[in-house]
Amino acid sequence: MTDTRTRRRGTELEHAILDAAWAELSEVGYPSLTIEAVAKRAGTSKPVIYRRWPSRAALVIAAWARRQPIHEAAPDQGSLRADLLWLFTRIATRMDAMMSQTIAGVMAEAFKHPEVQDLLRDRLDSAPLARTLGTIVENAVARGELRPAALPRRVLRLPLDLLRSEAILCGTPLSEETLAALVDDVYIPLLKGLAADHGH
C-alpha cells in the first residue's frame with residue numbers, strides 16, 4: 001500500500017502539522033484541542049507530532065509563530081510615535097487572528113509547566129520584535145527624539161505583553177484608541193524615562 005502522506009519529511013511535514021493545529025484551534029479552541037485530532041487532520045500520527053513538540057502548548061506556540069512573525073523592517077515614518085503605532089498595530093493585527101481564549105489557554109498551561117514557560121520565553125526573546133524595536137529607537141535617536149539608551153529584555157518584550165494582556169482582558173480586535181493609549185501613556189514615557197536615566 002502506498003500513501004503519499006507517509007513520504008512527507010522535514011519542513012513539508014512540519015508545515016502540514018502546524019497548519020492542522022491552527023485549523024483545529026480555529027474550530028474548537030484551545031481547551032478542546034487534542035493531539036489526536038491534529039494528527040488525523042494532518043494525515044500523520046501522534047508519535048510523529050510528539051517527537052517534534054513535547055506538549056499541546058508547545059505545538060500551539062509553534063503554530064502561532066508560523067502565523068504571526070514580524071519580518072518586515074520597521075519603516076521610518078518620521079516620528080517615534082508613528083513608528084510605534086505602526087508596530088503595535090502590526091502585532092495587534094496578528095494577535096486578532098488568534099482567539100483570546102487560545103492565548104489565555106497557552107498562558108495558563110505555561111504557568112503549570114516550566115518547560116513550556118521556558119519555550120515561551122525563548123520564543124519571545126528570539127522574535128524579530130527586538131530587532132524591529134531596536135531600529136525604531138535608533139531612528140528616534142537619530143532624529144533627536146530620544147537619547148541613546150540600552151533597552152532591557154523586558155522592555156523589548158513589553159509591546160507583546162501589553163497587547164496580550166489587553167486581548168485577554170478585553171478581547172480582540174483591539175481598538176485604535178487602545179493602541180494609541182498604550183503607545184502614548186505607557187511605552188513612549190517608558191522609553192523617555194530610560195533615556196533620561198541613562199543620560200545621568
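Among the residues of the range 184-200, is there at least one that is within 23 Å of PRO128 (Cα to Cα) and in contact with a Lys or Arg (Cβ under 6 Å, 6 or more places away or on another chain)?
There is at least one residue in the range 184-200 that is within 23 Å of PRO128 (Cα to Cα) and in contact with a Lys or Arg (Cβ under 6 Å, 6 or more places away or on another chain).
In the list THR132, THR102, which residue meets the criterion of being under 25 Å from GLU24 (Cβ atoms) and under 17 Å from the mean Cα position of the chain (by Cα)? Talk me through it step by step, then tell me what you get.
Values: THR132 fails: under 25 Å from GLU24 (Cβ atoms).
Residue meeting the stated conditions: THR102.
Touching a residue at least 40 places away in the same chain (Cβ under 8 Å) and more than 23 Å from LEU119 (Cα to Cα): which single residue out of LEU25, LEU59, LEU80 fits that description? Don't jump to the end; show me each part of the working.
Numbers: LEU25 fails: more than 23 Å from LEU119 (Cα to Cα); LEU59 fails: more than 23 Å from LEU119 (Cα to Cα).
It is LEU80.
Going through PRO128, PRO173, PRO159 one at a time, which residue ends up being surrounded by 12 or more Cβ atoms within 10 Å (Cβ to Cβ), touching a His at 6+ places or on another chain (Cβ under 9 Å) and under 17 Å from LEU85 (Cα atoms)?
Values: PRO173 fails: touching a His at 6+ places or on another chain (Cβ under 9 Å); PRO159 fails: touching a His at 6+ places or on another chain (Cβ under 9 Å).
None of the other options fit; the residue is PRO128.
Would you please list the contacts, defined by Cβ atoms under 6 Å and residues six or more apart or on different chains, that run from a residue in the range 126-139 that is more than 13 Å from ALA73 (Cβ to Cβ) to a residue that is surrounded by fewer than 20 Cβ atoms within 10 Å (Cβ to Cβ)?
These pairs meet every condition: ALA130/LEU156.
In the range 20-50, how many residues are assigned to a helix (DSSP H, G or I) and at pLDDT 95 or above? Before the answer, list the steps.
Taking the range 20-50 first, the residues assigned to a helix (DSSP H, G or I) are 20-28, 30-32, 35-42, 46-50.
Now narrow it down to the ones that are at pLDDT 95 or above: 20, 35-42, 46-50.
Residues meeting the conditions: 14.
For the range 1-19, name all the residues that are at pLDDT 85 or above, surrounded by 11 or more Cβ atoms within 10 Å (Cβ to Cβ) and charged (D, E, K, R). I'd like the intermediate steps shown before the answer.
Step one: list which residues in the range 1-19 are at pLDDT 85 or above, which gives 10-19.
After this cut, where a residue has to be surrounded by 11 or more Cβ atoms within 10 Å (Cβ to Cβ) as well, the list is 13-19.
GLU14, ASP19 - these are the residues of the range 1-19 that are at pLDDT 85 or above, surrounded by 11 or more Cβ atoms within 10 Å (Cβ to Cβ) and charged (D, E, K, R).
Please work out if ALA57 is touching a helix residue (DSSP H, G or I) at 6+ places or on another chain (Cβ under 6 Å), surrounded by 15 or more Cβ atoms within 10 Å (Cβ to Cβ), in a helix (DSSP H, G or I) and modelled with pLDDT of 90 or more. Reasoning before the result, please.
On the way: touching a helix residue (DSSP H, G or I) at 6+ places or on another chain (Cβ under 6 Å): yes; surrounded by 15 or more Cβ atoms within 10 Å (Cβ to Cβ): yes; in a helix (DSSP H, G or I): yes; modelled with pLDDT of 90 or more: no.
It is false that ALA57 is touching a helix residue (DSSP H, G or I) at 6+ places or on another chain (Cβ under 6 Å), surrounded by 15 or more Cβ atoms within 10 Å (Cβ to Cβ), in a helix (DSSP H, G or I) and modelled with pLDDT of 90 or more.
Would you kindly identify the helices (runs of 4 or more DSSP H) lying entirely within the range 88-170 that contain at least 1 residues that are at pLDDT 90 or above and of a type outside the set (Gly, Ala, Ser)? Show your work before the answer.
Numbers: elements: 100-112, 114-126, 129-143, 153-170.
Here the list reads 129-143, 153-170.
The values are calculated or read from the model by the stated rules, or taken from the named source; none is laboratory data. The structure displayed is predicted, hence computed values, not measured ones. When we count neighbours, we look across all protein chains shown, and the Cβ atoms used for this are built from the backbone with ideal geometry, even at glycine.
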